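Some notes on the structure that comes next.
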2 protein chains.
Amino acid sequence: MDKSASILSTALKLFVQYGFHGTPTSKIASEAGVSNGTLFHYFKTKDELVVALYSQTKEELNTYLFEKINQGEVFKDKFRNMFVYSLKWAVARPEEFFFLQQFHFSPHLALVPAEDIAKHSRQHTQLLEGAVQAGIFKNLPTELIATLAWSQINGMYEFLVKCDLCADKQEQIINDAFDLTWLMLVNQA
Amino acid sequence: MDKSASILSTALKLFVQYGFHGTPTSKIASEAGVSNGTLFHYFKTKDELVVALYSQTKEELNTYLFEKINQGEVFKDKFRNMFVYSLKWAVARPEEFFFLQQFHFSPHLALVPAEDIAKHSRQHTQLLEGAVQAGIFKNLPTELIATLAWSQINGMYEFLVKCDLCADKQEQIINDAFDLTWLMLVNQA
DNA sequence: ATATAAATTGACTAATCACTCTACAAAGCT
DNA sequence: AGCTTTGTAGAGTGATTAGTCAATTTATAT
């Protein structure tokens, strides 16, 4: 068992439950089954651990999504996959998804270089950019379209977590929500 | 100058900048121009201060919104006012709005009784509920409609903060976004 | 086999922080 | 004027915590 990975996954669980500052490094170490010193061998500071956890989680989600997006043939399928599989990932790994948002609304976000953040969203932005230029989406700033699409996903995540529906209902309502989002953004000739 | 209010407004600024645990009570007190002991005279614990700040901020927003909503005659106007003035409030008081989200994704949320949270959203939920039953909105769970509407607002807030447009452009794009949201949720016969 | 490097430990430290306590001042009441 | 309540101050405290360090084990290379 990789100790670094063990530290990260333990930290994730504790951060979600107790918050960043509410979770002492000593507790992370002990629950991960390593010593205090080992934690600081892998991560120079606590902040570095937090940021590393964010980068890793974000990258996992992105890798997963990118694969799913590329399975789509036409744009609508790609976009649908992005929407639907973001939510499937979120529901399957609620702690990870929650952590991303928790991080986003914390001062730790400032510790991530702006370039890294841009990199994380570049693929998605490009996809949407193309759809705007092709006249599929309404002629609005790409940033706006991206933000609206993401907030739909975030909102749906919250709804799904709160309501805890069975898998069938969940699938159904995710599809409904996608149709709404599509309807909203698409260029109605 | 009311010391309690001074403590709250100082805490808000510091919490947004440094996070809850990253902000010592001693710093709140000194920057608010009161002594350490005075802070704990008004708020028994730091947690109580955080929660009080949340409740106050939420209530301020709600009171403001409720007034604006009631200025609408028909439902669409009420809903538009809710949407538009939420964003105007958010843009005018970005720290307060950010704080609400920061709080929402922190473990402090668990310290607020579920009843209080329900109370905060009851008025809005009822408004939307009515629109669903009247066949104005699509026949979807009210919770879902509420969540989607709120996430549109949150997304727009983020966009507006990021892009920092002039007032005219801002007004324009808020209206566009409302149209999109309306289009998405409304029952198309 | 030996030497060098990397991983691991856990006691330790220096600093921080939430909160207390005592003392005093101001305000309100009779 | 006395008395009580409330507000204010700020030094002090006990507990906690991020990060260090010297010592030991494990892995790697020659």
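Tabulated data for the structure shown
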read-out	value
Leading residue at positive end of dipole, the protein assembly as shown (Cβ point charges), from A:Gln71, B:Ala11, A:Thr181	B:Ala11
Top positive-direction residue, dipole computed over chain A with Cβ charges, set A:Trp89, A:Ile136, A:His120	A:His120
Residues listed by number, segment A:132-167, amide nitrogen under 14 Å from A:Tyr64 label point at 7 Å toward C-beta	A:157
A:Tyr18/B:Ala118 FRET efficiency (R0 22 Å; Cβ-Cβ; nearest 0.05)	0.30
Estimated FRET transfer efficiency when R0 is 25 angstrom, pair B:Lys3-B:Glu48 (beta carbons, to 0.05)	0.95
Span-rule helices in chain B, defined as complete DSSP H runs reaching 30 Å or more along the axis (Cα) with Kyte mean at least 0.5	B:142-163
Theoretical gain in end-to-end length, B:Arg93 to B:Glu171 [0.36 nm per residue, Cα-Cα removed]	26.5 nm
Rg ratio (alpha-carbon, reference 2.2 N^0.38 Å) - the protein assembly as shown	1.04
Segment B:1-74 and segment A:91-138: distance between their alpha carbon centers, rounded to Å	30
Nearest-20 debye value, chain A charge dipole, Cβ charges on Lys, Arg, Asp, Glu	180
Extension gain from B:Gln71 to B:Ala134, taking 0.36 nm per residue of separation minus the Cα-Cα distance	20.7 nm
Quotient of C-alpha Rg and 2.2 N^0.38 Å, computed over segment A:73-114	1.52
Förster-model FRET efficiency, 25 Å R0, A:Gln101 and A:Lys162, C-beta, rounded to 0.05	0.95
Per-q log10 I(q)/I(0), segment A:51-185, q = 0.13, 0.14 Å⁻¹ (Debye; single scatterer per alpha-carbon; no solvent)	-0.56, -0.66
Qualifying aspartates and glutamates (Cα of each under 12 Å from Cα of A:Lys68; at least 8 residues distant if same chain)	A:Asp77
Shape parameters for segment A:1-53, alpha-carbon atoms, Rg then Dmax in Å	9.5, 27
Cβ-placed point charges (K, R +1; D, E -1), dipole of the protein assembly as shown about Cα centre in debye, nearest 20	340
23 Å Cα-Cα reach of A:Lys27 towards lysines, excluding residues that sit fewer than 8 places from it in its own chain	A:Lys3, A:Lys13, A:Lys44, A:Lys46, B:Lys46
Amide H partners (placed H, <5 Å) of B:Phe137, local residues excluded	B:Val132, B:Asn187
Rg/Rh ratio calculated on Cα atoms of segment B:127-189 (Kirkwood radius)	1.06
Of all chain B residues, the one whose C-beta is nearest the axis that brings B onto A, in angstrom	B:His21, 1
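Every read-out reported here was derived from the displayed coordinates using simple, explicitly stated rules and does not represent laboratory data. A quick note: this is a predicted structure, and the numbers were derived from the prediction, not measured. Reconstructed Cβ throughout: ideal geometry from the backbone, glycine too, with neighbour counts over all protein chains shown.
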